[in-house]
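Just so it is clear, none of the values below were taken in a lab; they were calculated from the coordinates. Predicted, not measured: the structure shown is a model, and the values here were computed from it. For neighbour counting, all protein chains shown are included, and Cβ atoms are generated from backbone atoms with ideal geometry for every residue, glycine included.
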Amino acid sequence: MNDSQINQVLSPTADVKHQPLVLSYGQGLGNFLSLYVGRTILFLITCTSVLSVLLIFFFIIRESLPFLQKFNLTEFLTNTGWYPQAEKPQFGALALIVGSFYVTAAALLFAVPTGILAAVFLSDIVSFKIQTFVKPVIELLAAIPSVAYGFFAIMVLAPWMQRKLGFTTGVNALNASFVLAVMALPTIVSVAQDSISAVGRELREASYGLGATRMETVFKVVIPAAHSGIIAAIILGMMRAIGETMVVWMASGNASQIPHPWWDLSQSIRTMTATIAGDMGETAKGSDHYRSLFTIGLLLLIMTLCLNLLSEYFLTQAAKKSGIRK
């Protein structure tokens with residue numbers, strides 16, 4: 001090593017450009033613009049989503065307020081008759097609310113066990129190489145357009161149910177629930193798998209050290225430790241199902257009724273989202289029917305907001321337990 005190389009090692013800042021202690025006017029202005037103006041622009045971009053949500057709330061409340069002032073809210077929520085274009089119109093949203101939760105609950109019955117078992121399979125059973133292949137394939141289900149799911153439900157599932165199960169109609173609650181379960185799977189699997197993977201190796205190794213089998217470790221140690229993240233995954237999957245429009249519009253039958261008996265999934269139902277999508281294009285602007293659809297939208301928005309806040313709570317709890325947040 002020659003003298004110049006030794007000097008560079010001993011003085012690593014020798015080749016660094018000299019920075020003056022007193023900046024010129026142009027340098028100071030440039031630093032000010034890059035620091036404060038850039039930060040302000042990024043802050044405004046970040047606030048765009050918040051402002052958009054507030055504007056959506058304002059618009060929906062403004063359009064639904066005349067209906068709420070004219071009609072009784074209690075009757076709107078408890079009446080089952082939805083006949084907005086009759087001579088004596090009835091605006092009862094109870095059957096629509098029950099229909100929305102009916103298909104959502106049935107979809108979760110299919111999606112939750114399958115999603116949690118798939119998450120356990122990806123996190124604790126298969127190798128990392130297989131996981132990197134299978135998980136993107138599952139998440140690819142979320143990229144399929146909902147109208148494609150709707151066509152599948154009408155063209156494939158509906159005739160199959162009539163032919164094999166003896167249903168009088170193939171467009172019913174079971175058809176819509178099954179397709180909604182498939183659509184909710186990517187969300188449930190992804191969030192639940194991340195939560196299960198966040199459980200440290202220490203718990204697993206301690207369980208194995210006490211003589212527990214892999215199944216006992218998974219179901220008695222890992223899943224209870226990751227319960228907050230799993231609950232958040234279920235809530236997010238529920239939001240995915242309850243907010244879906246095209247599938248329930250095309251596959252549920254659009255019959256404004258409460259199923260009787262309640263466990264009979266072969267009956268047609270109607271959801272809030274399908275009602276908004278089906279009636280909005282044929283409704284005169286400013287009419288009571290028009291305002292009632294915005295009231296249903298406001299009710300749906302409040303429901304999804306509460307579910308979103310609940311999922312954020314459980315995700316925060318899961319992050320605290322995994323050490324990501326303090």
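Remarks
- Selection status of Q162, part of a helix (DSSP H, G or I), in contact with a helix residue (DSSP H, G or I) (Cβ under 7 Å, 6 or more places away or on another chain) and of a type outside the set (A, V, I, L, M): no
Residue by residue, here is whether (1) closer than 30 Å to V247 by Cα; (2) under 29 Å from the mean Cα position of the chain (by Cα) holds:
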{"site": "V171", "(1), (2)": "yes, yes"}
{"site": "P186", "(1), (2)": "yes, yes"}
{"site": "G209", "(1), (2)": "no, no"}
{"site": "T213", "(1), (2)": "no, no"}
{"site": "A225", "(1), (2)": "no, yes"}
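- Residue pairs meeting the criteria (Cβ under 7 Å; at least 6 apart or on separate chains; first closer than 14 Å to N254 by Cα, in the stretch 160-177; second loosely packed, with under 14 Cβ neighbours inside 10 Å): G170/P159
- Those helices (runs of 4 or more DSSP H) of the stretch 61-155 in which 1 or more residues are free of Cβ contacts under 8 Å to residues at least 60 places away in the same chain and buried (at least 16 other Cβ atoms within 10 Å of the Cβ) occupy 128-139, 146-152.
- Yes/no for T213 being of a type in the set (S, T, N, Q) and free of Cβ contacts under 8 Å to residues at least 12 places away in the same chain: yes
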